[in-house]
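Read the structure below first, then the notes.
Every number in this text was worked out from the coordinates using simple rules, so none of it is lab data. Keep in mind that what you see is a predicted model, and the values were worked out from it rather than measured. Glycine gets a Cβ as well: all are built from the backbone with ideal geometry, and neighbour counts include every protein chain shown.
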Amino acid sequence: MEQRLSEFLLNQVESYEMDGANRPSKQDRAARIVLGEIAEQLIEARESFSNERFSILDIELDLEKALLNEPEINEIEIDRVLSCRSLENVSAMVKRVILLSKLDGVHTPSNQTAVYIREAARTYIYGFMQASAAMSRAAVEQALKEKMGLQGNRDHITFKELVKKAKKMNILDQSAADQALDHVAYKANDVLHNGPADDRITLSILDAARGVLRHIYGV
C-alpha cells in the first residue's frame, strides 16, 4: 500500500529534530520532552480547567509566566504538539470521511442552515463527537425552521413541536418524523446529558440527521 502523506510527514518529525547526521544529545532530548510537556499543559489550560502549574525536578513552575518569559520557545513547542496531534489524527479522519455518503438534494439550504449541516459532519470527521451530536440535532432543527419560514423567529418552539408542525405541512412524512425524534433528538439528548459518545453512536446520529435533511431538501 502506498504510504500516506500524513505517515510520511510524521516520519519527518524525527529527522526534523536531527542536527545534520547527528542525533540530539540526551540533554537535548530531555529538554525537548520537558518543553513538550509544558506545551501540552499550556494547551490544556486553554481548553479546560487547569491549575496552570508544572513541576520539574521538584521545582514548581508557573506556566503563564513561562509563556511570557519565553514566548518564542513555547510557541515553537505548541506548534510542534498541535502539528503532531493533527497528523496523528489524519488516518482516523480519512476513515470517517469514507464512512459518510454524499449528501444530495433537489433544493439547497440557506447559508445559515448549510453552516449547521457542514459543522455536524466536520466535527464528526475531526473527532469531536459531543459537538457533532449537538450539531446534528441543531442542523435538523434549523432546516425545519427554514423550511417552515421560522428562521430567525425568536419565539421558542420545542423540537417535538417543530416535527409535529412539519408533518402537518407535509415537510416530513411519518418515517422522517420518527427518525428526527427517535434517532436524532432522543439520541443526541442522551449523549449530551448522560455521557460522551463514541464514533459508532455519533455516526448513527449524524446519518439519521442527514437522512432527515435529504427528505427535507429532496422533495
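Report summary: the helix-based calculation at 222 nm, which adds -39500 (n - 2.57) for every DSSP H run with n ≥ 4 and divides by the residues of the chain, gives -22000 deg cm²/dmol.
For region 100-217, the square roots of the Cα gyration tensor eigenvalues, ordered a ≥ b ≥ c, give a/c of at least 1.5 with a/b greater than b/c, which places it in the prolate category.
Take 207-214, 31-38 and order them by the average number of nearby Cβ atoms within 10 Å per residue, most first; the result is 207-214, 31-38.
Suppose every K and R has +1 on its Cβ and every D and E has -1 on its Cβ; what is the size of the dipole of the chain about the Cα centre, in Debye to the nearest 20? Could the numbers behind the result be given before it?
On the way: 28 positive and 34 negative charges, 323 e Å.
With Lys and Arg at +1 and Asp and Glu at -1, about 1560 debye.
For region 100-217, the relative contact order works out to 37 percent when only alpha carbon pairs closer than 8 Å and six or more residues apart are counted. Convex hull of alpha carbon positions in the chain: directionally averaged projected area 17.6 nm².
Cβ neighbours within 10 Å, averaged per peptide: list 155-163, 76-84, 132-140, 182-190 in order, most packed at the top. Before the final figure, lay out the partial values.
Details: 155-163: 13.7, 76-84: 15.4, 132-140: 26.6, 182-190: 19.0.
Ranked by mean Cβ neighbours within 10 Å, highest first: 132-140, 182-190, 76-84, 155-163.
With a simple spin-label model that places each label point 7 Å from the Cα along the Cα-to-Cβ direction, the separation between Glu70 and Thr108 comes to 5.1 nm. Modelled spin labels at Ile157 and Ala92, positioned 7 Å past Cα toward Cβ, are 3.8 nm from each other.
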